[in-house]
Amino acid sequence: MSFIGIIPARYASTRFPAKPLAMLGGKTVIERVYRQVEGQLDDAVVATDDDRIREAVEAFGGKVVMTGTHHKSGTDRVQEAYEKWGRTYDVIVNVQGDEPFIQPSQLQAIKACFADASTQIATLVKPFTPADGLAALQNPNSPKVVVDDQMRAMYFSRSVIPYLRGVEPEAWLQQHTFYKHIGLYAYRPEVLRAITSLPQSPLEKAESLEQLRWLQAGYRIQVGISEVETIGIDTPEDLQRAEEFLKTHPQPLPREGRASG
């Protein structure tokens, strides 16, 4: 099977303008994301609507596609980039442009979901542990997922799901395995084309979670498990935390090269 990683990256972020071009350990955030992806998938390309990001990607030898400025989500940008790229792959992997610590094991885990020919969409989760604490479990900015016996997503929520009736919240993490959603997605090309044409759904609007639109429309989302915790860069404070993390956990950039797929 052939896999392409498309990395949506925009300049005009409300919480952190120019985020993809911020420096992290001597490299831009977008270069760190790109290097993590290109060695694990058959191809990698940045999708952006800003010439400054395009120039930065071209400067380090990366591939880039210019997209429109009208997109409401990274998924829409990925779809336009794939159409413009003009090559055919079995699976498109949507890697967020603010995840410089995405790990090879995570990319391999999402690839493995497509060993099943019926997989339409795939994503990853990480089990919460008792050490994470109740506050992390209850954090609405950290969506939770419940899965069925075939590891397909049943629902995503900013609330704690499931609710453990008759158990004190302080004991929830000892009584049940809760799953934290990791925002890495992969799609069959025809499925990506279809879901980007769907209107927003009531569940999506209620929770502000795009993947609920796909579930509500009847699409199946296969779930892989990752034990790795990554640091996304949403704010300047996140960047500072990432710098501190890098000092104690050096992340050598993978050599340039093409994976066998």
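A straight line joining the Cα centroids of segment 132-204 and segment 116-131 runs 10 Å. Summed over qualifying helices (DSSP H, 4 residues or more, each -39500 (n - 2.57)) and divided by its residue number, the chain shows a 222 nm mean residue ellipticity of -8500 deg cm²/dmol. Which shape class applies to segment 199-248: rounded if a/c is under 1.5, otherwise prolate when a/b exceeds b/c and oblate if not, where a ≥ b ≥ c are the square roots of the Cα gyration tensor eigenvalues? Oblate shape, in that a/c is at least 1.5 and b/c is the bigger or equal ratio. Which one of Gly166, Ala153, Ala136 is farthest out on the positive end of the charge dipole of segment 128-190, using unit charges on Cβ (Lys, Arg +1; Asp, Glu -1) and the Cα centre as origin? Working it through, the farthest residue towards the positive pole turns out to be Ala153. For the residue pairs Lys63/Lys111; Lys84/Lys180; Lys27/Lys63, the alpha carbons lie more than 24 Å apart in Lys84/Lys180. Which residue, Val95, Gly25, Gly74, has the largest displacement toward the positive end of the dipole of segment 1-102 when charges sit on each Cβ (Lys, Arg +1; Asp, Glu -1)? The one lying farthest along the dipole's positive direction is Gly25.
This ranking places His70, His181, His176 by how few other beta-carbon atoms lie within 10 Å of each, fewest first, which gives His70, His176, His181. Among Gly232, Gly39, Gly86, which one shows the highest mean-square fluctuation when the chain is modelled as a Gaussian network with alpha-carbon springs under 10 Å? Top of the fluctuation ranking is Gly86.
Set Lys and Arg Cβ to +1 and Asp and Glu Cβ to -1, take the dipole of segment 1-102 about its Cα centre, and tell me which of Ala56, Thr14, Ala44 lies farthest positive. It is Thr14. The charge dipole of segment 1-102, taken about its Cα centre with unit charges on the Cβ of Lys, Arg, Asp and Glu (plus for the first two, minus for the last two), comes to roughly 300 debye. Among residues other than Ile161 with Cβ under 12 Å from its Cβ, the summed charge is +2 (Lys and Arg +1, Asp and Glu -1). For the chain, a simple Cβ point-charge model (Lys and Arg +1, Asp and Glu -1, everything else neutral) yields a dipole of about 240 debye relative to the Cα centre.
The distance linking segment 14-39 with segment 58-101 is 14 Å (Cα centroid to Cα centroid, whole angstrom). Think of each Lys and Arg Cβ as +1 and each Asp and Glu Cβ as -1; about the Cα centre, that makes the dipole of segment 89-171 roughly 100 debye.
For the chain, the relative contact order works out to 26 percent when only alpha carbon pairs closer than 8 Å and six or more residues apart are counted. Among beta bridges identified by DSSP and lying wholly in the chain, the antiparallel ones come to about 50 percent. Is the shape of segment 1-102 rounded, prolate or oblate, going by the alpha carbon gyration tensor and its root eigenvalues a ≥ b ≥ c, with a/c under 1.5 for rounded and a/b larger than b/c for prolate? Note, shape of segment 1-102 comes out oblate.
Each value in this text was obtained by applying a stated rule to the coordinates, not by laboratory testing. Everything quoted here is computed from the prediction, not taken from an experiment. Neighbour counts run over all protein chains shown; Cβ positions are idealised from the backbone, glycine included.
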